[in-house]
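Take a look at the structure below.
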Amino acid sequence: MGNQVEKLTHLNYKEVPTADPTGMDRDEGPRIGVSYIFSNDDDELEQQQDSGHDLGGEHPALQPYDPQLHEVECSVYYRDECIYQKSFSEEDALPEEGEEGGRGHLSTYTPENLLNRCKPGDLVEFVCQAQYPHWVVYVGDFQVVHLHRLEVVNSFLTDASQGRRGRIANQLYRYKPLSPAVVVRNALEQVGCKDRDLSWRNSECFAAWCRYGKREFKIGGELRIGKQPYRLQIRLGDKRSHTLEFQSLEDLIMEKRRNDQIGRAAVIQELSSHLQAAEEEDEEEEEDHPHHPGARTAVE
């Protein structure tokens, strides 16, 4: 099997190197970020949590799904540039064509309704409570290409959904997309690629690479050296946020998907515990050193 390193994991946010808990940097010194170099494809974990249905099998019954209740609002920055945003705020979200208001791009639909909305080259994100989101590339004729169980496969959209609701995810990443024809070609050319020949760690990275063509979505597409240029800003509400820093987009996406899988309530609970512990440590430090700079936590 060659040299392998046990998968790097963390049980809660207290174990994750972060920026200042309030989302504001206190200094510009280097930090060591989370690395998923030796992690397996998290879509493989997703399948272990499914009800056991494979592509083409019976679909589980559709459950009521409220994106605002289950999903984590967050933004991704490369240095000072916002490259991804999931927000239910009408001020932040861009309206989708044919939709009124700013949150239409996060609305979810049944697989059958999605077929009436999809165009070749579109990215589709299937979502369900307590599961990793599954991304696919719509290539036309009711078919999609996606990374499924460590293989790039071509299947019908309704089969790929496994009964989950989905949305067109073109507006989440803010990179300039390739033309629809190139997106479709990128996806179809990879059909049959599997196991050690794969260049993507999960379905989201594969689908995003097809649409934007950026090497950052590939395994090892960036060197993990020096200060982390990527920031994942998680919104906690009430104008508060928590920021994690990463050396690569690939690592950041793995953490973002973990948040999607455990759900909004669990993420907020983890962060609340972490922030409370950090505030208690700051208070103790302030008592011991009343004039110590930076001991007071600020709100974003």
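The Kirkwood hydrodynamic radius of the stretch 223-262, based on inverse pair distances between different Cα atoms, is 11.0 Å.
Determine the gain in length on full extension of the stretch R224-S273; use 0.36 nm per residue of separation and subtract their C-alpha separation, reporting nm with one decimal.
Separation in residues times 0.36 nm, less the Cα-Cα distance, equals 14.7 nm.
The residues of the stretch 100-160 expose, per residue, 38 Å² of accessible area to a 1.4 Å probe.
Out of the chymotrypsin sites (Phe, Trp or Tyr not before Pro) in the stretch 150-244, which ones are loop residues according to DSSP with at most 16 other C-beta atoms within 10 Å?
Y175
Overall size of the stretch 196-270 from C-alpha positions, given as principal axis extents largest first: 42, 28, 21 Å.
Were the residues from V191 through Y65 laid out at 0.36 nm apart, the gain over their Cα-Cα distance would be 42.3 nm. Count Lys and Arg as plus one, Asp and Glu as minus one, and take only other residues whose Cβ is under 12 Å from that of G220; the net charge is then 0.
Here each label is just a point 7 Å from Cα along the line to Cβ, and for S107 and D80 those points are 3.7 nm apart.
Counting only other residues whose beta carbon sits under 10 Å from that of V137, what net charge do I get with K and R as +1, D and E as -1? Within the 10 Å Cβ shell, the charges total 0. Considering only alpha-carbon pairs that sit under 8 angstrom and 6 or more positions apart, the relative contact order computed for the stretch 105-227 is 29 percent.
The values are calculated or read from the model by the stated rules, or taken from the named source; none is laboratory data. Given the structure is predicted, the values throughout are model-derived calculations rather than measurements. Ideal geometry is used to build each Cβ from the backbone, glycine not excepted, and the neighbour counts take in all protein chains shown. Calculation scope for accessible area: heavy atoms of the full protein, side chains included, ligands and nucleic acids excluded. Shrake-Rupley method; radii C 1.70, N 1.55, O 1.52, S 1.80 Å.
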